[in-house]
Structures are given as C-alpha cells and as structure tokens.
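Asks: Could you have a look at this structure, given as structure tokens, before my questions?
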Amino acid sequence: LPFFQQPAKNSLSYDMNNSSICVNLGSRSYPIVIGRNTLSHDLARHPLIAKSKGRIFVIADPKVRRHAAPVIRALKKRTSGIVWLKGGERSKQISTLNSLYKAAARARLDRHSLVVAMGGGVIGDIAGVFAATYLRGLSIVHLPTTVMAQVDSSIGGKTGINLLEGKNLVGVFHQPALVYIDAETLKTLPDREFKSGLAEVIKYGVISDPELFERLEKNLSKILFRDPAELAWIIRRCCAIKARVVSRDEHETKGLRAILNFGHTIGHGIEAAARYHLLHGEAIAIGMMGATYLSQKLTKLSSISVQRIGRLIQNTGLPFQLDKKLSTREILAAMKLDKKVSQGEIRFVLATRIGQVKTGLGVSERLIREALDFLRK
Ligand SMILES: NC(=O)c1ccc[n+]([C@@H]2O[C@H](COP(=O)([O-])OP(=O)(O)OC[C@H]3O[C@@H](n4cnc5c(N)ncnc54)[C@H](O)[C@@H]3O)[C@@H](O)[C@H]2O)c1
Ligand SMILES: [Zn+2]
C-alpha cells in the first residue's frame, strides 16, 4: 500500500517568535500574521493592502460585526461593497454564491478589486469560491474569526461549497494573498464553536507535533478559559504546521497534505449522515476516535497513546461517541462519496504514535463497520 512516512519529529523546526509565518509557494507565497487587538490599525497599513490600488469588497459574518466595524472604518475610503453573510454550514450553497456574484456586479468590481473575508470557515470557504471564480479570479484576504478558521480553513487555499449529495463537492484551489489573525476575536465565539475548533488543534498534535499534544494535555483548563497567551501559542503552532504542509504539497498530490485528513474519513461520513446537526469539529472528534481505534489495530498505535487521545478529546468536552440514530449504512454511503475515496477504495490516515501518521491506507469494510460499532459503545 502506498503511504507517506513523515520525517522524524526532530527535523521540524518552528520559529515561534517571528510574528508572521510564511506559506512558501513561489510567486504565490503569502504571510499569516498573528496579532492581538491589531486588526483595524495594522491591517489597513499592511503593505499588501496599502499598496494594492483596487477597491475592496468585504464579505463578513454579521456575528462578527463588532470586530468588523473598526476594520470597515479603516478601509472605508476604498470599500465598494459589504455583504453580510450568515455563518453556519447551511450558507455553504450555490444560491449563496449566486447572491455574491450579483452583489459584486452591482458593486462594479474589476480585476484589481480585493475581497476581504471576515468570519469563520463557512465565510472563508464561500468567499474563496467567489474570489476564485468572479472575473476569473480576484485576490482575497482572510480575517478568520473562529478557532477552526484561524488554525485551519483560512490557510492553504481550499475553497468549497456543499451539495445535498455531499460536503465540499464544489470548489477550487485559490490561495489567499494574506491571512490576518486576531486572537482577540475569539472572545465572542460560543463555547460549542470554540471546542469544535479545538478538535483540529488536537488533530495537529496527533499528526505531527507531540509537544503541542502535551501542551494541550497540560494546559487544557487555561485553554478552555481562553487564556490569550496560551491561545496565541497554540494558534501559531498550528498555523506553522499547516503552512509547512501546504508549502510542500499544495494540491494534495504528494501524500503529505493528506495527513491533515486524520479523523476526517469517518468524520465527514458522520457529518453528512447527521445532516450537519453536528459541527465540523464535533464530527471530526468522533472520527478521530474511530481512526485511533483503527490505528491500534493496523498501525500499532500503543494503548497508552490510544488512551491519551481519547482522554484529551473527552476532557475538551468534545463528543466522542456516535449517536445511536446514525446508521452504519448511511455513514458508509456518505464516506464513499467523499473526496478521500480513490479508485473506489476509502483511504485512511492512521497514527503510528502521537506525532506521526501514515496516509493512503486501505481499510476493509468489515473493520470500518467494527470501528463504527466501537464508537457506539
Ligand atoms: N477550506 C479548508 O481548508 C477548510 C478546513 C477546515 C474546515 N473548513 C470548513 O469550515 C467550516 C467550519 O468553519 P467554522 O467552524 O468556522 O464555521 P462557521 O463559519 O459557520 O462559524 C461557526 C459559527 O460561529 C459564528 N462566529 C464566527 N466567528 C465568530 C466570533 N468571533 N464570535 C461569535 N460568533 C462567531 C458563525 O456565525 C457561526 O455561527 C466547514 O464548512 C468546513 O468544511 C474548511
Ligand atoms: Zn477539518
């Protein structure tokens, strides 16, 4: 079976002091700036914004109006349109995209126009499809305001909308010009959303960063209290991992980027079968429990590591069991529609230890069913 073996953990180096992280993609490279309370004054002065001559088209979630107001004020002279778009998975559909195209036409955007997307992963994903396609492509700046968006969805250029048949089935790669993170915006995030984002943070620990995983275990209560310094450390660490992975395997063709799908094979199946009643991170948390079970069977993950992963997910307050109402048949059907299916076979990312995974692993349907049964216990 083809799989990608990661380099040993010590070959990773993180620069935790430098204020911005770079996604290295040649002429399409871009910085991820992480600050606190810096959004309005610093963003408008950032060279990428200050030097661009185009008009600005803002797409923002009304729930972040309070954080968006100073940004909009700072960019006011250059803004040619503001669209308020509700967050939540239901917004990620073609009709929303259509309304954005119409608003853009009314605002008379041209090819120099800059899209500024402010909100969670939903806003970022739709704004991304919009920016990639309107006038054959406009530059986009992401101002992510959820944990999910700050550590994951705003980085890497994946955009997408859902169909009734499945999640993220329509989309393109479109890298942003800048990602600007203000951890202060997380203060207003509802607890359930906050924890959902932490599922991806746990994922980063499992796939490539034992030190991050340990820090989560040790400082969990501080994190759950949203201690600013602790959050800044974690966000930076996750962004560094994602930037490194994306820089080396932008289009998920070399096997590396696939490591980010840990917990997502079963997770996406659960998310779709639950008809989006579970948040993305919640479904992923259950999916990671399933992947951990399979890892113990297939990639020799030690029982101590299995316990640590399970405990961290539970202590975070994330769901770790499958609702009895969700049938194996439905989850399997949704998994088979997912993009991670290759030549008819469902592919898994499994852990060998905390901080290391193998990708592209085929798992028999019998074992997948067994894992789903385990998740109901
Ligand atoms: N493109 C990618 O690479 C990628 C990666 C991971 C996830 N995603 C996608 O991201 C989406 C999930 O992202 P999400 O969890 O950010 O969802 P979301 O955008 O729906 O935000 C979650 C909720 O929080 C609200 N909100 C956002 N910021 C807030 C703030 N600062 N204060 C108060 N409320 C706030 C929103 O209105 C929404 O109700 C999914 O659709 C998933 O597929 C994409
Ligand atoms: Zn995810």
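Asks: Taking the condition hydroxyl-bearing (Ser, Thr, Tyr) and in contact with a helix residue (DSSP H, G or I) (Cβ under 6 Å, 6 or more places away or on another chain), does residue 133 pass?
Replies: So residue 133 fails the test.
Residues checked against (1) within 16 Å of ligand 1 (Cβ to nearest atom); (2) touching a strand residue (DSSP E or B) at 6+ places or on another chain (Cβ under 9 Å); (3) under 30 Å from residue 365 (Cβ atoms):
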{"residue": "208", "(1), (2), (3)": "no, yes, yes"}
{"residue": "216", "(1), (2), (3)": "no, no, no"}
{"residue": "233", "(1), (2), (3)": "no, no, no"}
{"residue": "261", "(1), (2), (3)": "yes, yes, yes"}
{"residue": "264", "(1), (2), (3)": "yes, yes, yes"}
{"residue": "267", "(1), (2), (3)": "yes, no, yes"}
{"residue": "273", "(1), (2), (3)": "yes, no, yes"}
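Asks: Return the residues of the stretch 98-112 that are open to solvent by less than 50 Å² (accessible area, probe 1.4 Å) and either farther than 19 Å from residue 176 by Cβ or within 14 Å of ligand 1 (Cβ to nearest atom) (or both); say none if nothing qualifies.
Replies: Within the stretch 98-112, 103, 107 meet the criteria.
Asks: Being within 28 Å of residue 200 (Cβ to Cβ), at pLDDT below 95 and open to solvent by less than 10 Å² (accessible area, probe 1.4 Å) narrows it down to one of 71, 115, so name that one.
Replies: From the options 71, 115, the qualifying one is 71.
Residue-by-condition table, conditions (1) modelled with pLDDT of 95 or more; (2) open to solvent by 10 Å² or more (accessible area, probe 1.4 Å); (3) over 16 Å from the mean Cα position of the chain (by Cα); (4) at positive phi:
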residue	(1), (2), (3), (4)
140	yes, no, yes, no
152	yes, yes, no, no
170	yes, yes, yes, no
186	yes, no, no, no
196	yes, no, no, no
199	yes, no, no, no
203	yes, no, no, no
211	yes, yes, yes, no
214	yes, yes, yes, no
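Asks: Being open to solvent by less than 60 Å² (accessible area, probe 1.4 Å) and among the β-branched types (Val, Ile, Thr) is the filter here; which residues of the stretch 277-315 pass it?
Replies: Selection gives 284, 286, 292, 299, 306, 309, 313.
Asks: For the stretch 216-243, what are the residues that are in a helix (DSSP H, G or I) and either on the phi > 0 side of the Ramachandran plot or out of contact with any helix residue (DSSP H, G or I) (no Cβ under 8 Å at 6 or more places or on another chain) (or both)?
Replies: 218, 221, 229, 236, 240, 243
The values are calculated or read from the model by the stated rules, or taken from the named source; none is laboratory data. Note that the structure is predicted; figures quoted are calculated from it, not measured. Backbone-built Cβ (ideal geometry, glycine too); neighbour counts: all protein chains shown. Calculation scope for accessible area: heavy atoms of the full protein, side chains included, ligands and nucleic acids excluded. Shrake-Rupley method; radii C 1.70, N 1.55, O 1.52, S 1.80 Å.
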